[in-house]
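The values are calculated or read from the model by the stated rules, or taken from the named source; none is laboratory data. Keep in mind it's a predicted model, so treat the numbers as computed, not measured. Note that we place each Cβ from the backbone using ideal geometry, even for glycine, and neighbour counts take in every protein chain shown. Note: areas computed on protein heavy atoms with side chains; ligands, DNA, RNA excluded. Shrake-Rupley method; radii C 1.70, N 1.55, O 1.52, S 1.80 Å.
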Amino acid sequence: MTFAHRHLLGIEPLSPSDITAILDLADKYVALSRQRDKHVDVLAGLTQINMFFENSTRTQASFELAGKRLGADVMNMAMQASSIKKGETLIDTALTLNAMHPDLLVVRHPQSGAVDLLAQKVNCAVLNAGDGRHEHPTQALLDALTIRRAKGRLHRLSVAICGDIAHSRVARSNILLLGKMENRVRLIGPPTLMPSGISEFGVEVFEDMEEGLRDVDVVMMLRLQKERMDGGFIPSEREYFHRYGLDADKLSHAKADAIVMHPGPMNRGVEIDGTIADDINRSVIQEQVEMGVAVRMAAMELLARNLPGEAAA
Amino acid sequence: MNDTLFTNARLIDPEAGRDTTGWLLTRDGRIADHGHDAPPSVEGVEIVDCAGHCLAPGLVDWGVKVGEPGERHKESYASAGVAAARGGVTTMVIRPDTDPSIDTPEVLEFVTRRAQADAPVNVVPMAALTKGRAGREMTEIGFLMDAGAVAFSDCTAVVSDTKVLSRALSYARSCGALVIGHPQEPILSKGAAVTSGKFASLRGLPAVSAMAERMGLDRDIAMVEMTGARYHADVVSTARALPALQRAKANGFDVTAGTDIHHLTLNELDVADYRTFFKFRPPLRAEEDRMALIDAVRDGLIDTIGSFHTPQDEESKRLPFEEAASGAVGLETLLPAALRLYHADVLDLPALFRAMALNPAKRLGLDCGRLTAGAPADLIRFDPDVPFVLDRFTLASKSKNTPFDGQRLQGRVLSSYVAGREIYRRA
């Protein structure tokens, strides 16, 4: 098995075998993370810097834990508070960090393409932890692992992604990944929250949720950002929940064993009914968090193998 | 002595629509005669054997940004002048979107003085339509015309207040001034970096529907109908806007339109992995739009092609795509880029020179851009076939933001002449 990538910037450049390689390795790390001793030292001696230009608790914690379990030295930088405010450009920030010789750089940035730009300027491996509306590859990979473990396969499944597709990097990465693995993807949401040109993505688009959910294996809900709730994209929170919020009634149109996913954090009563989210027979939301750590461990290990100097060893 | 007899030349005559071998004689800075028979024997002139290379009117590049006043580090009249001479642009029609804007006769005089001192090519200025290009009060259109302004444009700052625009257009009509519009619905296109569609969605970039251009053009044409103003749309870049343009022309309104060489030679997919040198305003469009634009140039529906030369420094392009500045330098690449269309067999040379020399000159009331006897001897000699790979650091512009960096191009200017005087010869 070869994983011939220097960076993990998105799902787009990955092949199905790349995806399978990450998920297979992640499976091992799920087992490891359930042991009392969760520590291996495959990244021992390496430095991982988490640069978050946008607030994040969950993703940052997940990457931090993943790095620590693999034995890397992990440093978190809250970029909002630092040099950006002083007018330093993204590239200067990247060059400054690069001079500290990190091996793995985990970056989240509010603008699409910013992580690609940064990756061109540094010598280490860069992991995209979310850039604007572009991609969030580790989220799609953890979703894939969750699906594969719950359904026993990651192909020929019917997956509905519901909600704010237009502004969601999670949706983009998932559409790409699920498509590459030969699943049927349905997108459900009001037209104001659908990206342009969506008909060319090889997906089915539904404006009616019950119709869209009919007989699907997986229901993936997306978070609706607070700032989009009032008037601009949808008339109101309550009308949105009425038409697109996942409740037992709407879920009954999916397959009886359909699983419910959400990348978190959830807005209970906006996009998802609390009782569905907590239903341990349907909801795999907690598993997604667990898979997140494992998938990030796997991705970082595979990238670390390709670091310069390591290849010769 | 500037009198020259060009022999053995492939004469590109956009007015006659001809591309045939012949000779051309210049006297006292003007074209004296040309023909397709044996060259006349004339005394006391320099004879230039063109060896079968093309001899054409120099390009009239409508919509060039020079960074004076305000941004001389991006482009000065000296650097733009050299770039123009090398690129075969003998007349630069400059944009008023400087800092401060060219919106008073005083600023216009400064610009004219700078241009005369430093640029070897003709410089013809446009002025802002509204003060500070802010869309609130019209400029001194009459005084500015007296000072030499050939047209009035707020460039990409669309006048969104239609009351202001209707008054400015009416007033401009009374002065006989040509008004340039930027056809774009300003609210819908706010914040957009690319054209909406699959590519924009894949890249997660803020996008504008191609329809915003048609909405802008429809509005402007309605304003023209209302006021009777002379109007030119700076850049039409979408297939959807073309029927509106066609209708306006068929209705007999005094309307013309241009397009940007980049929209004729590149499409939205060229942005690829967020390459900011491919960020334009309006943004690059779909391939179908590009094909429709080529047809429109061939049919004469689109009148002019310009480079919309927009120098940007490295810092303003080395940013995430959304934040990066728009535009590209184009004075030196206008001709080789246009020759791509010739080599692709979609436009012939007379059609290209009609759009890049004759039509802009005619629309702006200039007597250049043609090979007719009496016209100024603004000429270029070029080899349309010579291949090269563009290295952006070889450009004469102070700014190096070209989307053609590293690309294979064909066609080099061998000599440029302004008023019969050779201002550039390729070494």
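Observations, loosely collected:
- Annotation: for a label point projected 7 angstrom from Cα along Cα→Cβ of A:Asn98, residues of the stretch A:1-33 with backbone N closer than 20 Å are A:5-10.
- Cut-off under 5 Å, modelled amide H: who pairs with B:Arg285 long-range: B:Glu268
- Cut-off 16 Å, label 7 Å out along Cα→Cβ of B:Arg72, residues of the stretch B:111-134 by amide N: B:111-119
- The residues of chain B expose, per residue, 36 Å² of accessible area to a 1.4 Å probe.
- Its relative contact order, with pairs defined as Cα atoms under 8 Å and 6+ residues apart, puts chain A at 21 percent.
- Over the stretch A:1-101, relative contact order from alpha-carbon pairs under 8 Å, at least 6 apart, %: 23
- B:Arg408/B:Thr162 FRET efficiency (R0 41 Å; Cβ-Cβ; nearest 0.05): 0.35
- Between the alpha-carbon centres of the stretch A:234-257 and the stretch A:100-169 there is a gap of 26 Å.
- Between the helical axis of A:137-151 and the longest alpha-carbon principal axis of chain A there is an angle of about 60 degrees.
- Each of A:Glu12 and B:Phe110 was given a label point 7 Å from its Cα along the Cα-to-Cβ line. The distance between the two points is 4.3 nm.
- Computed label-point distance, nm, for sites A:Ala4 and A:Lys255 using a 7 Å Cα→Cβ extension: 3.5
- Spatial separation of Cα centroids for the stretch B:346-365 and the stretch B:383-427, in angstrom: 20
- Cα gyration tensor shape of the protein assembly as shown, rounded if a/c is under 1.5, else prolate or oblate by comparing a/b with b/c: prolate
- Here r is the Cβ-Cβ distance between A:His155 and B:Phe388 and R0 is 60 Å; the resulting FRET efficiency, rounded to 0.05, is 0.75.
- Distances between placed amide hydrogens fall under 5 Å for B:Asp3 paired with B:Asp28, B:Glu46, all partners being 5 or more residues away or on another chain.
- Using distinct alpha-carbon pairs, which all enter the 1/r mean, Kirkwood radius of the stretch B:125-234 in Å: 14.5
- Accessible surface buried upon A-B contact (total; probe 1.4 Å; Å², nearest 100): 1700
- About its Cα centre, the stretch B:150-277 has a charge dipole of approximately 220 debye under the convention of +1 per Lys or Arg Cβ and -1 per Asp or Glu Cβ, with nothing else charged.
- Just the protein heavy atoms count here, and of the accessible area of the stretch A:43-150 at 1.4 Å, carbon and sulfur take up 50 percent.
- Rounded to the nearest 10 degrees, the inclination of helix B:211-227 to the longest alpha-carbon principal axis of chain B is 80 degrees.
- Dividing the summed -39500 (n - 2.57) terms of all DSSP H runs of n ≥ 4 by the residue count of chain B sets its mean residue ellipticity at 222 nm at -8000 deg cm²/dmol.
- All Cα pairs of the stretch A:86-127, percent lying beyond 15 Å: 34
- Net length gained if the chain between B:Cys175 and B:Glu137 were fully extended (0.36 nm per residue, minus Cα distance): 12.0 nm
- With R₀ set to 41 Å, the beta-carbon distance separating B:Ala344 from A:Asn123 gives a calculated FRET efficiency near 0.50.
- Those residues of the stretch B:195-210 for which accessible area with every protein chain present is at least 40 Å² below the isolated value (1.4 Å probe): B:Lys198, B:Ser201, B:Leu202, B:Arg203, B:Gly204
- Folded to 0 to 90 degrees: helix B:162-175 orientation relative to chain B principal axis, Cα: 30
- Anisotropy class of the stretch A:7-46 from Cα gyration tensor, a/c 1.5 cut: oblate
- Rounded is the label for the stretch B:57-363, because a/c, from the alpha-carbon gyration tensor with a ≥ b ≥ c as root eigenvalues, stays below 1.5.
- Approximate spin-label separation B:Met211-B:Glu287, in nm, with each point projected 7 Å along Cα-to-Cβ: 2.5
- Less than 5 angstrom separates the built amide H of A:Gln111 from those of A:Gly132, all sequence-distant by 5 or more or on a different chain.
- Per residue, in Å², the accessible surface of the stretch A:1-109 once ligands and nucleic acids are set aside, probe 1.4 Å: 48
- For the stretch B:366-379, putting each phi into the Karplus relation 6.51 cos²θ - 1.76 cosθ + 1.60 with θ = phi - 60° gives couplings of 9, 9, 8, x, 8, 9, 4, 4, x, 6, x, 7, 8, 9 Hz, in residue order, rounded to whole numbers and with x for Gly and Pro.
- Element breakdown for chain B at a 1.4 angstrom probe: carbon and sulfur atoms account for 48% of the accessible area.
- Spatial separation of Cα centroids for the stretch B:110-178 and the stretch B:203-237, in angstrom: 19
- For the stretch A:102-128, accessible area lost to neighbouring protein chains reaches 50 Å² or more, against the chain alone with a 1.4 Å probe, at A:Gln111, A:Ser112.
- Additional length obtainable on full extension of the chain from A:Asp279 to A:Arg58, 0.36 nm per residue less Cα span: 77.4 nm
- With Rh defined as the Kirkwood radius, the inverse of the mean 1/r over Cα pairs, the Rg/Rh of chain A is 0.97.
- Relative contact order of chain B, defined on C-alpha pairs under 8 angstrom at six or more residues apart (%): 20
- Lys, Arg +1 and Asp, Glu -1 on Cβ, resulting dipole of the protein assembly as shown about Cα centre, debye, nearest 20: 900
- Both radii are taken from the alpha-carbon atoms of the stretch B:1-52; with Rh as the Kirkwood radius, Rg/Rh is 0.95.
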